[in-house]
Each structure stands twice: as structure tokens, then as C-alpha cells.
1. Being surrounded by 10 or more Cβ atoms within 10 Å (Cβ to Cβ) and either part of a loop (DSSP other than H, G, I, E, B) or not hydrophobic (A, V, I, L, M, F, W, C) (or both) is the filter; apply it to segment 95-108 and report the residue that is nearest to the chain's Cα centre (by Cα).
2. Taking residue 191 as meeting all but one of (1) part of a helix (DSSP H, G or I); (2) modelled with pLDDT under 80; (3) closer than 28 Å to residue 48 by Cβ, write down the number of the exception.
3. Determine whether residue 146 is on the phi > 0 side of the Ramachandran plot, within 14 Å of the chain's Cα centre (by Cα) and either modelled with pLDDT of 90 or more or not basic (Lys, Arg) (or both).
4. Scanning for something surrounded by 10 or more Cβ atoms within 10 Å (Cβ to Cβ), within 14 Å of the chain's Cα centre (by Cα), modelled with pLDDT under 80 and closer than 28 Å to residue 26 by Cα, does segment 86-94 turn up at least one residue?
5. I want to confirm something. Restricting to segment 109-152 and keeping residues that are in a helix (DSSP H, G or I) and hydrophobic (A, V, I, L, M, F, W, C), which single residue is nearest to residue 93 (Cα to Cα)?
6. In segment 64-82, is there at least one residue being surrounded by 11 or more Cβ atoms within 10 Å (Cβ to Cβ), modelled with pLDDT of 80 or more, assigned to a helix (DSSP H, G or I) and among the basic types (Lys, Arg)?
7. What number goes with the only condition from (1) over 22 Å from the mean Cα position of the chain (by Cα); (2) assigned to a helix (DSSP H, G or I); (3) modelled with pLDDT of 80 or more; (4) not acidic (Asp, Glu) that residue 44 does not pass?
8. So, in segment 19-33, exactly how many residues are modelled with pLDDT of 85 or more and within 16 Å of residue 113 (Cα to Cα)?
Amino acid sequence: MDSVDAQQIPFHDEQFDMVIANNMLYHVPDIPRAIREMHRVLKREGVVCTSTMSTQHLQEVEHLAVSFDSDFHVLDHAIKRFHLGNVGVGEAYMSPSSVTEILHFYVAEYSEDMTTGHGGGLEEEQENIEVVELPFAQALDMVESGEIRDAKTIMLLQYAQIQGLLKVKSKPLHILIAGPYRSGTNDDHVLIEKNVSGCR
């Protein structure tokens, strides 16, 4: 067994059938680089198994330890790098009366440098996966207009909206103020124009 740097794995491309990275990625200084390295050494049909602790992991033990010594901490602060809770954001049956499959919903942060591909999917599974990125406000508008009809997507977008996970940029407001432009003018068009000019 060798000990290597996950950010610079000393093996050839597409060499492994499986990569296992359990409870370690949050210790890596450059996580996206480590993920790219795992992708590089993995065979085309290989599998990655990875896990991480949530921010709530062993919180009962943590609280108990702190109650005895406020300077003592059971957990490594690094586990908070993924901002993951113990559970997903929810679960739901799409059609309870006819389908037994239950869907679990999760949200997570990502950055562009984590990207390892442009979508696609497995041809033998007849997958056609397209990655679409939209401004949050535009996605919400597409839900309202009916352009987005996938229930899972709608539920997660609404969750993000309710929880304030993403901020919608406010649109500029165009305000028309109707003032008493005829007041005191006796319908004199010169005085009316003067009042109107003063309201602009």
C-alpha cells in the first residue's frame, strides 16, 4: 500500500476500475484538483466511491465535550468545507398511488473548475444528458411560464427560493408619479406645462 498525494496521483490515465475516497477530501488543500486526478486515473466505465462527514456529524458528542471543556473539540473543522447537513433537503414520491420509488433531494455548491465533462451520458444506457446553467431569476420565470415542467427541478428551485440559497437580482423600477399638475393653473396650458416639468 502506497501513500500518495491525491492532488498528484502517480499512476497512468485510465488505470483503475474503482477509486475509493472516504472521509478524506475535506483534508485536501485543492479539492477540485484531487477530483480531476481521480477522474484521470479512472477507467472509462470505472466507479468512484466517496463520502464525507456532514456538518452535524457527532454533534451530540461535540456538545458533550464542549460542556466539560470549551477549548476541546471532537471534530476537525475541515469537515465544514462541504457545507453538507446530515440529510438531504427532502424526499418525495412522484406518484404515490402507482410508483413505489422515493426520490431524495440534495443541494450542494460547485464551481466551474470542478467540471470533468460537458454532459453526455452512457450510450449503452441510452442516456442523453445536457448540462444547462441558467441565472436563478430566469429559471424561476421559466417555472412560472411553464417552460420548466420537471417536478424535481421545480421542487428544488422552489426550495432554493424559500431558503434564500440564491439571490434574485432586483430589477430596476420605472415609477410614474401622477401629481396634481392642473392644480392652481385654471387650465392655463403654460402653467400646466410648468407643473409637469417640475414633476419630471
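The values are calculated or read from the model by the stated rules, or taken from the named source; none is laboratory data. Just so it is clear, the model here is predicted, and its values are computed rather than measured. Using ideal geometry, Cβ is built from the backbone for each residue, glycine included, and neighbour counts are taken over all protein chains shown.
1. Within segment 95-108, the match that is nearest to the chain's Cα centre (by Cα) is 107.
2. Tallying (1) part of a helix (DSSP H, G or I); (2) modelled with pLDDT under 80; (3) closer than 28 Å to residue 48 by Cβ, residue 191 fails exactly one: (3).
3. no
4. As a first pass, look at segment 86-94 and keep what is surrounded by 10 or more Cβ atoms within 10 Å (Cβ to Cβ): 86-94.
From the residues that got through so far, the ones that are within 14 Å of the chain's Cα centre (by Cα) too are 88-89.
Narrowing the set further to residues that are modelled with pLDDT under 80 leaves 88-89.
This time we only want the ones that are closer than 28 Å to residue 26 by Cα, so: 88-89.
Within segment 86-94 (the criterion being surrounded by 10 or more Cβ atoms within 10 Å (Cβ to Cβ), within 14 Å of the chain's Cα centre (by Cα), modelled with pLDDT under 80 and closer than 28 Å to residue 26 by Cα), the answer is yes, since at least one residue qualifies.
5. Here is the first cut: in segment 109-152, the residues in a helix (DSSP H, G or I) are 112-114, 123-125, 136-145, 151-152.
From what's left, hydrophobic (A, V, I, L, M, F, W, C): 114, 136-137, 139-140, 142-143, 151.
Values: 114: 31, 136: 25, 137: 27, 139: 23, 140: 23, 142: 23, 143: 20, 151: 11 Å.
Filtering first and then ranking leaves 151.
6. no
7. (2)
8. The qualifying residues number 6.
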